[in-house]
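The values are calculated or read from the model by the stated rules, or taken from the named source; none is laboratory data. Nothing here was measured: the structure is a model prediction, and the numbers come from that model. Cβ: placed from backbone, ideal geometry, glycine included. Neighbour counts: every protein chain shown. Remember, those area values only see protein heavy atoms, side chains included, never the ligands or the DNA or RNA. Shrake-Rupley method; radii C 1.70, N 1.55, O 1.52, S 1.80 Å.
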Amino acid sequence: MRLAVLSDIHANREALYAVIDTGRAHGVDAWLCLGDIVGYGADPQACLHRVRELTDAVILGNHDAAAIGQTDLAYFNPDARPAAEWTAEQLGESERRYLGSLPFVLQRDDAFFVHAELDQPSRWGYVHDRTEATKALGAIEPRFCFVGPLHCPFVCIERYGGVELLPKGPQPIQPLSRYLANIGSVGQPRDGDAQACFALWD
Ligand code: ZN
């Protein structure tokens, strides 16, 4: 089965549609969204509508939580805060209810999906690098972990008792190893590559 994992769409409708077209061209069978459907971008309603059509497998992100008053805006940066306030004004009752119903984590067989922090998802702590990926993998048991909110994609492998960063590009799954994938952002990349980003897990 081919699962497409999307994260951090951030109300960027054009990027979301491009990713869906690309996923379909690659034979995606199922979709999963790691949250931050809204926040920053101009099309929160359209993106929420499209994600709801696409899949039931959706997790709450910190910007989604902010848009429905479920998280404190005090720690948002000066760009994010007014965007979150504007987003909140755009949402109707049904969108608010939908976001409020989303879980913090999903687990499927040996895979774990969370927006940000693996062991305390509601704290929204980011996994920035190999050191933090090592700590995160130590905190949970599943073999595959997918996280979102850094907006810079990277994949770490745990093998031979250590954790290493893998080079960019497709990675074959190796036996006796575990993985943490920070899957990058659909709608607001911050890695210097303006192309929309998502993960394809075959
Ligand atoms: Zn984000």
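Could you count how many residues in the stretch 73-87 are open to solvent by 30 Å² or more (accessible area, probe 1.4 Å) and assigned to a helix (DSSP H, G or I)?
The initial filter retains those residues of the stretch 73-87 that are open to solvent by 30 Å² or more (accessible area, probe 1.4 Å), namely 73-75, 77-79, 81-82, 85-86.
When the remaining residues are screened for being assigned to a helix (DSSP H, G or I), the result is 73-75, 81-82, 85-86.
Result for the stretch 73-87: 7.
Hey, any hits in the stretch 87-101 for a residue that's within 16 Å of the ligand (Cβ to nearest atom) and within 22 Å of L180 (Cβ to Cβ)?
So far as the stretch 87-101 goes, no, none of its residues is within 16 Å of the ligand (Cβ to nearest atom) and within 22 Å of L180 (Cβ to Cβ).
Tally the residues that are touching a helix residue (DSSP H, G or I) at 6+ places or on another chain (Cβ under 8 Å), of a type in the set (A, V, I, L, M, F, W, C) and crowded, with 21+ Cβ neighbours inside 10 Å, restricting the search to the stretch 52-72.
Going through the stretch 52-72 one residue at a time, the tally reaches 5.
Quick one: how many residues across the stretch 133-147 are without any contact (Cβ under 8 Å) to a residue 40 or more places away in the chain and either touching a Pro at 6+ places or on another chain (Cβ under 9 Å) or buried (at least 19 other Cβ atoms within 10 Å of the Cβ) (or both)? Please lay out each step first, then the result.
Looking only at the stretch 133-147, we keep the residues that are without any contact (Cβ under 8 Å) to a residue 40 or more places away in the chain, and these are 134-135, 138-143, 145.
Keeping just the survivors that are either touching a Pro at 6+ places or on another chain (Cβ under 9 Å) or buried (at least 19 other Cβ atoms within 10 Å of the Cβ) (or both) gives 145.
Looking only at that region, the number is 1.
Output the number of residues of the stretch 13-40 satisfying the condition of being crowded, with 24+ Cβ neighbours inside 10 Å and over 20 Å from V105 (Cβ atoms).
2
Considering only the stretch 93-114, I want to know if a residue exists there that is at pLDDT 95 or above, small (G, A, S) and not in a helix (DSSP H, G or I).
The answer is yes, given that some residue of the stretch 93-114 is at pLDDT 95 or above, small (G, A, S) and not in a helix (DSSP H, G or I).
Residue by residue through the stretch 148-170, note down the ones that are within 19 Å of Q195 (Cβ to Cβ) and either under 19 Å from the mean Cα position of the chain (by Cα) or touching a residue at least 12 places away in the same chain (Cβ under 8 Å) (or both).
We begin by selecting, within the stretch 148-170, every residue within 19 Å of Q195 (Cβ to Cβ); these are 148-155, 167-170.
Residues satisfying the conditions are G148, P149, L150, H151, C152, P153, F154, V155, K168, G169, P170.
Where the second residue is more than 11 Å from the ligand (Cβ to nearest atom) and open to solvent by less than 70 Å² (accessible area, probe 1.4 Å) and the first is closer than 19 Å to Q120 by Cβ and touching a residue at least 60 places away in the same chain (Cβ under 8 Å) and lies in the stretch 61-80, which pairs have Cβ atoms under 8 Å and are six or more apart or on separate chains?
Pairs that qualify, where the first residue is closer than 19 Å to Q120 by Cβ and touching a residue at least 60 places away in the same chain (Cβ under 8 Å) and the partner is more than 11 Å from the ligand (Cβ to nearest atom) and open to solvent by less than 70 Å² (accessible area, probe 1.4 Å), are N62/T71.
Identify, by number, the condition in (1) within 16 Å of the ligand (Cβ to nearest atom); (2) in a strand (DSSP E or B); (3) open to solvent by 40 Å² or more (accessible area, probe 1.4 Å) that H128 doesn't meet.
The one condition H128 does not meet is (2).
All but one of (1) farther than 28 Å from T131 by Cα; (2) open to solvent by 30 Å² or more (accessible area, probe 1.4 Å); (3) in contact (Cβ under 8 Å) with a residue 40 or more places away in the chain hold for L106; state the number of the condition that does not hold.
Among (1) farther than 28 Å from T131 by Cα; (2) open to solvent by 30 Å² or more (accessible area, probe 1.4 Å); (3) in contact (Cβ under 8 Å) with a residue 40 or more places away in the chain, L106 violates only (1).
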